[in-house]
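These notes are about the structure you will find just below.
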Amino acid sequence: MIFLVICLCILAFSEASKWENVTIAVVEYKLLVNSSLEESENVAQNAQKYIEIVKNVTKERKLDLIVFPEDTLYVHRETAIAIQLDNPCDSDSYPQFMKDLSCASRSSQTYIVLNLVEKVKCDEAQTSSDNCKKFGFYFYNTDVILDRNGTIVNRYHKYNLFGERTMDKPETPEEIVFETDFGIKFGIFTCFDILFKTPAQELLKRGVDAVIYPSMWYSELPFLAAMQTQQMWANRHNITLLAAGANNVQVGSGGSGVYRGVDGLVVGGVVAEGGTQVFLYQGDKNGDFDEDVDELAKKMDGFYLQIDNSLEDPKYRWEVLNTSVRNHYNVLCGGDDENTICCHYSLTMSTEEIKPDMKHYTYVMVSYSGIRSYTGVYNGGMEVCGIIACLNSSLSSCGQRFPNYEEIQWPVTFESITISAQFEKSENRTQFPNSLLSSIRPIDTSETSWDEKDVEINETIFEERSFTTRAQNRLLTFAILGRNFGLDSSADNDNDDDDSNHSSSSLSTSGILLSCSFLILRKIK
């Protein structure tokens, strides 16, 4: 027994020491686009901005890794590049921007992760790909990993595309893993991938220490704001997540950070007023991460947030929370005969007098099991047990935010909340602890607990999930958010290959979720 304890202590110390002296940067980056320039010139100016960021970060410190977001180099089909596992800095077969980035990696002695479009030669007779038949190439949304010498050591082709009609989907999902000279084993996936079983969850079976996550995520209330989604995934799987988000406040894109599994966010944020910011993780030198919720929330007034239109699904069961009752217990079952979820709520609340000249949120308990549409591009099975903030006592007002934070009162304090539910055990189901404060950040994981256990009911095994929080009085969402992958399906309903047409229709669709694609920024340049 003593030997076992010693071994476990050595293992724990070894895992902690991997991160002790590591320095990693995740970049929230605002794309630079000049409509008077050629596309290749826009690529070049963003590449130079990347290089400038690398130089600035490495000026006073050794940097082990820097991660840039999805599609902020502005490389598209017209400027796509062919990639080999070689060193662009020493090669004449790459365009100048790629040579420059490779050389910057070498001169700074830093691993760099960036996202671009890769073209791969194909056989027109052996495929149904429109790109292949028209251009002779597949085009992939690709994450590229450069080592300290500037060599491309690996790449990942995004599997779960979101309306990216000019891109090709790989035949099979890739589980890309690479090891670094600083002792950390990384996996990688991109944006919309995070909501799926493959490759995101399957990748964890490869024994990775952390996951790199470039994204262009458009935040949606009440369950899928960027940092809310990032933390729920890292927390549920107890894995370090390095999230670098593209920034565009007009369409709700932004949110980056380093999440250390169940310990939550170490460093990160949303550049709410627009721009580029580097978030630096410096191992045990980072210290406590503490920000004022109200100050952050005020800055979010100008940040556009999408709304989840699946709240209109009649399978949602909901009930307005009577906040005048101190202790509240309830059970709500949502869904239909084929898929039902019963949610158990236990709450203790206190309420102060409401000021007539101030706005305040109405809280609603919701239960749901069904299939939601992601902007008509994809259908996903969802299971939800939650408490969400609404503008009034109608479900149609939920997932919305009062426009002027200075005019909001928070009369309700949730002294404690526990939500629990039982889900049929299946490899095609998973659940996440999901929360959001008025700052459009999740609750600090030190204030919550997430419990899992198996229970047997009538010879069927269920997974019981329980999510609890300590006192909160700036609450927008507290929920168990489940995915039922077995109900997923494609929802593409046209073959239009025109970027701008697709972008326009996506942006005009009420309740757009997250166009983690190359298409929308091309429309709003």
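The values are calculated or read from the model by the stated rules, or taken from the named source; none is laboratory data. The structure displayed is predicted, hence computed values, not measured ones. Every residue, glycine among them, receives a Cβ derived from its backbone with ideal geometry; neighbour counts consider all protein chains shown. Ligands, DNA and RNA are stripped out before the accessible areas are found, and what is left, the full protein with its side chains, is counted by its heavy atoms. Shrake-Rupley method; radii C 1.70, N 1.55, O 1.52, S 1.80 Å.
If exposed means no more than 15 neighbouring beta carbons inside 10 Å and the site is in a DSSP loop, what's the longest run of the chain without any exposed GluC sites (Glu not before Pro)? Longest site-free region, per DSSP loop and neighbour criteria: 61-170. Counted residue by residue at 0.36 nm each, then reduced by the alpha carbon distance between them, the extension gain from residue 62 to residue 182 reaches 42.0 nm.
On the basis of the beta-carbon distance and an R0 of 45 Å, residue 355 and residue 459 show a calculated FRET efficiency of 0.25. The slack between residue 273 and residue 286, meaning 0.36 nm per residue of separation minus the straight C-alpha distance, is 2.2 nm. Going by accessible surface with a 1.4 Å probe and the largest first, 344, 360 read 344, 360. Relative to the first principal axis of the alpha-carbon coordinates of the chain, what is the inclination of helix 2-20, with its axis defined by its Cα atoms, in degrees from 0 to 90 and to the nearest 10? The two axes meet at around 60 degrees. Compared with the dominant principal axis of the Cα atoms in the chain, helix 226-237 is inclined by about 80°. The modelled label-to-label distance for the pair residue 133/residue 426, using points 7 Å beyond Cα in the direction of Cβ, is 3.5 nm.
Rolling a 1.4 Å probe over the protein chains gives residue 382 an accessible area of about 10 Å². Based on protein heavy atoms only, the chain ends up with 41 Å² per residue of surface accessible to a 1.4 Å probe.
With θ taken as phi - 60° and the coefficients 6.51, -1.76 and 1.60, list the Karplus ³J(HN,Hα) couplings across segment 210-225 in order, rounded to whole Hz; mark glycine and proline as x. Per residue, the Karplus-derived 3J(HN,Hα) values read 7, 10, 9, 9, x, 8, 10, 9, 9, 5, 10, 8, x, 10, 10, 5 Hz. Surface composition of segment 45-173: carbon plus sulfur atoms hold 44% of the accessible area, using a 1.4 angstrom probe and ignoring ligands, DNA and RNA.
Of the peptides 368-378, 300-310, the ranking by mean beta-carbon count within 10 Å, highest at the top, reads 368-378, 300-310. In this structure the amide hydrogen of residue 307, modeled in the peptide plane, comes within under 5 Å of the amide hydrogens of 221, 511, 512, none closer than 5 places in sequence on its chain.
Taking each DSSP H run with n ≥ 4 as -39500 (n - 2.57) and averaging over every residue of the chain yields -5500 deg cm²/dmol at 222 nm. Accessible surface of residue 92, taken over heavy atoms with a 1.4 Å probe and every protein chain present, rounds to 150 Å². When you restrict to C-alpha pairs under 8 Å that are six or more residues apart and normalise by the size of the chain, the relative contact order lands at 14 percent. Phi-derived couplings, Karplus 6.51 cos²θ - 1.76 cosθ + 1.60 at θ = phi - 60°, listed residue by residue for segment 267-276: 8, x, x, 10, 7, 5, 9, x, x, 10 Hz, with x used for Gly and Pro. Could you give the angle, 0 to 90 degrees to the nearest 10, between helix 96-108's Cα long axis and the longest principal axis of the Cα atoms of the chain? In the chain, helix 96-108 runs at an angle near 80 degrees to the longest axis. Under the convention that each Lys and Arg Cβ holds +1 and each Asp and Glu Cβ holds -1, the size of the dipole of segment 46-152 around its Cα centre is about 280 debye. Computed with a 1.4 Å probe on the full set of protein chains, the accessible area for residue 184 sits at about 0 Å². Would you mind checking segment 369-413 for residues with the amide N under 16 Å from a putative spin-label position 7 Å along Cα→C-beta of residue 298? Answer for segment 369-413: 403-410. When only alpha carbons are used to place a centre, segment 176-221 and segment 361-407 end up 27 Å from one another.
Label point of residue 39 set 7 angstrom out along Cα-Cβ; within segment 158-180, amide nitrogens under 20 Å from it belong to 158, 161-170.
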